[in-house]
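*Asks:* Can you read through this structure? Questions will come right after.
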Amino acid sequence: MSLRVQRDRVFISYRRSDSAGHAGRLNDDLTRLLGRRVFMDVADIAPGAAFEGVIRAELRSCGAVLAVIGQQWQQAFHTPRDGKDYVRVELLEALGHEGVNVVPILVQGASLPSAADLPEDLQSLASRQAVAIRDDRWKDDVEYLARQLRRLLKLRRVTVWPVAIGCAALAAIGLWIGFGQPPQPSAFDRSKAHAITIAAAQKAAAGCSAPKGSAGECPVLFRFVPDGKTDNVYYDTGFCAFKGTEFGDCVLQKLAKVRIPPFDNVTVAEVELAIRVEANGAVNVAVSE
């Protein structure tokens, strides 16, 4: 009996000599929008790991491979080199799997190479629908790409708006902290944890006075220990809109006090959400699953 591989991860393939900066920025932004299902070699291969083995293993669980193509990307196929061309290895592996969507990502104003300009074993890449990410429209183009990846990978994103969550989420908190004794430990309840963290994020943002005119979004990761206390809470990305700002630090300080019902079936429970501040200072919270 063979096990079906769940292909719900995103692999970023790029040439360091061509588009390392653009690929790194894309990795940060897609991680913020899609959660920790984005793979990039520099960020995700541990020191000392077998490089090619990690890449091949990761490709087996990816549903989308993003081939980041800049101005110098194509020339590398025709330049003598020592050792393997890992971009070629990655794309050959990806194109060989029916369940993988290979998406050319055009940066630096580059165009998609024609089949005649590609090595014979990669010529099918020229027939794939490309997505251009322009420097002057970066945010809009990356958000469009994230929406398409959610659809391709069948990812759910449930957006919870502040008015809708207020009463229900606060009631969820009151059910277990409002009557003196906390409940006995039971299995981790992700729905309750979401309700509690969403309400707490709304309250924290309001108490920290989100700045008007500086719209942006940050992913927030909570780690809870079995007694329900927050073990750690942090912005789960290298860079995001208000990480390191007075407002962002204030929000984390308040969220560090969040508690959820105690649990006894895992040693650590994680909950991830995104806090978005609109230009008018309004705050929205979204949960990506």
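Only the coordinates and a few stated rules stand behind these numbers; no lab work does. Since this is a predicted model, take the numbers as computed values, not measurements. Here the Cβ is made from the backbone with ideal geometry for all residues, glycine too, and neighbour counts use every protein chain on show.
*Asks:* Listing Cys250, Cys62 from the residue with the fewest other Cβ atoms within 10 Å to the one with the most, what is the order?
*Replies:* Listed from fewest to most nearby Cβ atoms, that is Cys250, Cys62.
*Asks:* Would you mind ranking His97, His78 by Cβ crowding within 10 Å, fewest neighbours first?
*Replies:* Ordered by Cβ neighbours within 10 Å, fewest first: His78, His97.
*Asks:* Shifting gears a bit: Quick one: order Arg128, Arg15 by neighbouring beta-carbon count within 10 Å, fewest to most.
*Replies:* Arg128, Arg15
*Asks:* Going through the cross-link list Lys192/Lys254; Lys203/Lys243; Lys139/Lys254; Lys203/Lys229, which pairs have a Cα-Cα distance over 24 Å in this structure?
*Replies:* Lys139/Lys254
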